[in-house]
Amino acid sequence: MTLNIKKCTLEDSRKLHVISYETFNETFKHQNSPENMNAYLERAFNLKQLENELSNISSQFYFVYFNNEVAGYLKVNTDDAQSEEMGDESLEIERVYIKKKFQKHGLGKYLLNEAIEIAMEGKKNKIWLGVWEKNENAIAFYKKLGFVQTGAHSFYMGDEEQMDLIMTKTLT
């Protein structure tokens with residue numbers, strides 16, 4: 001088993017587009033209407049949107065490779081790219097997605113450790129993320145890694161308002 005992480009560039013936008021659709025759909029399609037899923041996927045993961053995010057110096061994307069195959073990805077934000085006002089000392093983990101067939105191999109933890117390293121290199125003292133309140137497996141995973149709930153915010157899946165828990169981990 002070989003694991004590698006590669007920082008994404010603008011040239012990776014099509015590959016990012018494909019894996020974004022695939023992993024989000026695998027994760028949430030069974031809990032949301034097709035109409036709301038399609039509306040969200042088209043808004044959040046269209047090629048132009050991803051190119052804009054890849055071009056933002058305060059956002060970074062990383063692919064994780066499992067035996068030389070793209071298995072998932074990570075997106076982190078700092079400064080004004082964060083989806084909530086958390087200050088300059090914070091790093092947001094906006095997306096951590098692993099393809100279903102690669103889950104249960106420690107890749108999510110591997111990507112979170114990468115986010116912690118990025119935060120520490122950037123002299124950030126906390127990392128945070130939003131996780132859907134109904135995603136019990138992810139919430140348990142983050143708690144196990146030392147995240148605690150510090151708030152909540154609305155998240156729109158199409159026209160349906162949902163609630164994300166904000167979970168934070170202080171770095172020492």
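The values are calculated or read from the model by the stated rules, or taken from the named source; none is laboratory data. Keep in mind the model is a prediction, meaning the values are calculated, not measured. Heads up: the accessible areas ignore ligands, DNA and RNA and are worked out on the full protein's heavy atoms, side chains in. Shrake-Rupley method; radii C 1.70, N 1.55, O 1.52, S 1.80 Å.
Can you pull a Stokes-Einstein diffusion coefficient for the chain at 37 °C (0.692 mPa s), Rh from Kirkwood over Cα pairs, as a whole number of µm²/s?
Calculated translational D: 200 µm²/s.
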### Task
Divide by every residue of the chain the summed helix terms, -39500 (n - 2.57) for each DSSP H run of at least 4, and state the resulting mean residue ellipticity at 222 nm, rounded to the nearest 500 deg cm²/dmol.
-11000 deg cm²/dmol
### Task
Would you tell me the accessible area of residue 139, worked out with a 1.4 angstrom probe on the heavy atoms of the protein chains, in Å² to the nearest 10?
20 Å²
### Query
Under the Karplus relation 6.51 cos²θ - 1.76 cosθ + 1.60, θ = phi - 60°, what is the ordered set of whole-Hz ³J(HN,Hα) values for the stretch 38-46, x standing for Gly and Pro?
4, 4, 5, 4, 5, 6, 7, 10, 5
#### Entry: Under the Karplus curve 6.51 cos²θ - 1.76 cosθ + 1.60, θ = phi - 60°, whole-Hz ³J(HN,Hα) for the stretch 121-128, x wherever Gly or Pro sits
4, x, 6, 8, 10, 8, 10, 8
### For the stretch 97-172: Kirkwood Rh in Å [reciprocal of mean 1/r, alpha carbons]
13.5 Å
### Message
Quick check: at a probe of 1.4 Å, how many percent of the accessible area of the stretch 1-153 sits on carbon and sulfur atoms?
### Response
47 percent
### J(HN,Hα) series, the stretch 96-112, from Karplus relation 6.51 cos²θ - 1.76 cosθ + 1.60, nearest Hz, glycine and proline x
9, 10, 10, 4, 3, 5, 10, 6, 6, 10, x, 6, x, 5, 4, 5, 5
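State which entries of 29/126; 75/100; 100/124 exceed 21 angstrom in Cα-Cα distance in the structure shown.
29/126; 100/124
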